[in-house]
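Contents: one structure, followed by commentary.
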Amino acid sequence: MAARPRFTSRATVLVLVLCSLVAILAYPARQYIAQRGEIADQRAKAEHARRQVDELSREKARWQDPEYVKAQARERLHYALPGETPFVSVSPPPPPGAKAPSADAAARPKAVKPWYAGLWDSVDAADAAPPAPQPVP
C-alpha cells in the first residue's frame, strides 16, 4: 500500500479558500473598525456641542431677566441709579523707591503703546541731531 500524501487536493483547496476569505474580509474589517472610531469621535463632538448649547441657553435665559441686565450694567459699565454717586477706585502708582509689584500685578499684561506711537518715536529719534564728538586731547 502506497503512502498517502500529507496534503490532499481537498485540503489544499480548503486552505486556499480560507486564505482568500481572510484576505477578502481584512479590508472591510479594518474599515469597520475605523468607522466605529469616527462614530465615537462624532458622538463626543455632538455631546460637547449639546453641552455648549445648554450653557448658552441658560445664559440667554439669564439675560432675559431685567434685574440681571441691571446688575451687569452696573458692574461692567459702571452705571448708577438716579440718586447714587458712582465711584471707581484706581490704585495710585507705587513710589519710585518701592519694592517690586506682587505676582498678581506681574501676571497682568502691561499696556502697550500703539504701533503708530512707536513709529513716531523712532522718527523723532532719527530726526534728532547726533551729539557732537568730543575732541581728543
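The values are calculated or read from the model by the stated rules, or taken from the named source; none is laboratory data. Owing to the predicted nature of the structure, the values given are computational and were not obtained by experimental measurement. All Cβ positions, glycine included, derive from the backbone under ideal geometry; neighbour counts span all protein chains shown. The accessibility values were calculated without ligands, DNA or RNA, using every heavy atom of the protein model including side chains. Shrake-Rupley method; radii C 1.70, N 1.55, O 1.52, S 1.80 Å.
Could you say whether any residue in region 48-61 is loosely packed, with under 10 Cβ neighbours inside 10 Å, on the phi < 0 side of the Ramachandran plot and not in a helix (DSSP H, G or I)?
Within region 48-61, not a single residue is loosely packed, with under 10 Cβ neighbours inside 10 Å, on the phi < 0 side of the Ramachandran plot and not in a helix (DSSP H, G or I).
Which ones in region 1-20 are modelled with pLDDT of 90 or more and open to solvent by 90 Å² or more (accessible area, probe 1.4 Å)?
14, 16, 18, listed by residue number.
Give the number of residues within region 66-82 that are surrounded by fewer than 10 Cβ atoms within 10 Å (Cβ to Cβ) and either in contact (Cβ under 8 Å) with a residue 60 or more places away in the chain or assigned to a loop (DSSP other than H, G, I, E, B) (or both). Quick ask: steps written out before the conclusion?
So the first thing to find is which residues in region 66-82 are surrounded by fewer than 10 Cβ atoms within 10 Å (Cβ to Cβ), and the list is 66-67, 75-77, 81-82.
Keeping just the survivors that are either in contact (Cβ under 8 Å) with a residue 60 or more places away in the chain or assigned to a loop (DSSP other than H, G, I, E, B) (or both) gives 81-82.
Here the count works out to 2.
Report yes if residue 119 is at pLDDT below 95 and either open to solvent by 100 Å² or more (accessible area, probe 1.4 Å) or over 26 Å from the mean Cα position of the chain (by Cα) (or both), otherwise no.
yes
Condition test on residue 105, is it of a type in the set (Gly, Ala, Ser), open to solvent by less than 100 Å² (accessible area, probe 1.4 Å), assigned to a loop (DSSP other than H, G, I, E, B) and at pLDDT below 85?
Considered against the rule, which asks whether it is of a type in the set (Gly, Ala, Ser), open to solvent by less than 100 Å² (accessible area, probe 1.4 Å), assigned to a loop (DSSP other than H, G, I, E, B) and at pLDDT below 85, residue 105 comes out as no.
In region 47-63, how many are farther than 30 Å from residue 73 by Cβ and under 18 Å from the mean Cα position of the chain (by Cα)?
2
Listed residues 50, 76, 43, 30; which is over 30 Å from residue 88 (Cβ atoms), modelled with pLDDT under 95, basic (Lys, Arg) and out of contact with any Phe, Trp or Tyr (no Cβ under 6 Å at 6 or more places or on another chain)?
Of the residues listed, the single one that is over 30 Å from residue 88 (Cβ atoms), modelled with pLDDT under 95, basic (Lys, Arg) and out of contact with any Phe, Trp or Tyr (no Cβ under 6 Å at 6 or more places or on another chain) is 30.
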